[in-house]
Amino acid sequence: TTHTQTERRVADRIRDVKEEISSLIDDAARLTHEVGVAMADDNEKRAQALIAQREASDRRRSTLQVLLVELERRLPAEQLAEARVALQVAIDETARANERYLAACSSEREIRVELTQAERETNDATRQRDVAHSREMGARRLVATMEAQNANP
């Protein structure tokens, strides 16, 4: 039973490490997006801080991946093979999810650019409309004044 308990503890630790690695991968994607937002906002100081966080997260993930290899060495070959397959599936799923996330972030940035352009165009059209309306009202007043003068010579 001690052997089984040890295997169970190692398997539990492997699961925990995998979950933390997955979480760090998600954090890296989030930080990458936040760096993009900070750079778009010309907030260099924030961008540098986020880049430093991303690098620290990457270092932690690398450390955990080394630990994971060491932990996997403690498991019997059959469990190790199953654990590796599960890890690869999780890594592939996370990579696909990160790709979708980054594509969505890129689309969001493009939409924001388009929205900003549309807002500028709306503001320009509003100004043009207001100027045209002002001219129309001035012309109406002039016509009304001239008609009044012609009616009362």
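Key figures
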{"read-out": "Extension gain (nm, one decimal) between A49 and A81, 0.36 nm per residue minus Cα-Cα", "value": "7.6 nm"}
{"read-out": "Mean separation of Cα contacts under 8 Å, 6 or more apart, over the residue count of the chain: relative contact order %", "value": "26 percent"}
{"read-out": "Paramagnetic reach from Q117 (point 7 Å along Cα→Cβ, amide N under 19 Å) across region 14-48", "value": "40-41"}
{"read-out": "Helical mean residue ellipticity (222 nm; -39500 (n - 2.57) per DSSP H run of 4+; nearest 500) of the chain", "value": "-35000 deg cm²/dmol"}
{"read-out": "Potential lengthening between T63 and E136 on full extension [0.36 nm per residue; Cα-Cα distance subtracted]", "value": "19.0 nm"}
{"read-out": "Spacing of the two label points (7 Å from each Cα toward its C-beta) at R127 and E7, in nm", "value": "7.6 nm"}
{"read-out": "Estimated distance in nm for a label pair at Y101 and R74, the labels positioned 7 Å out from Cα along Cα-to-Cβ", "value": "2.9 nm"}
{"read-out": "Debye log10 I(q)/I(0) at q = 0.10, 0.13 Å⁻¹ for the chain, Cα point scatterers", "value": "-0.61, -0.80"}
{"read-out": "Nearest-20 debye value, the chain charge dipole, Cβ charges on Lys, Arg, Asp, Glu", "value": "220 debye"}
{"read-out": "Between helix 44-73 and the chain: long-axis angle, C-alpha atoms, 0 to 90°, nearest 10", "value": "20 degrees"}
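Where a number appears in this text, it was derived from the coordinates with a stated rule and is not lab data. All of these numbers come straight from a predicted model, not from anything done at the bench. Positions of Cβ are generated from backbone atoms using ideal geometry, with glycine treated the same way; all protein chains shown enter the neighbour counts.
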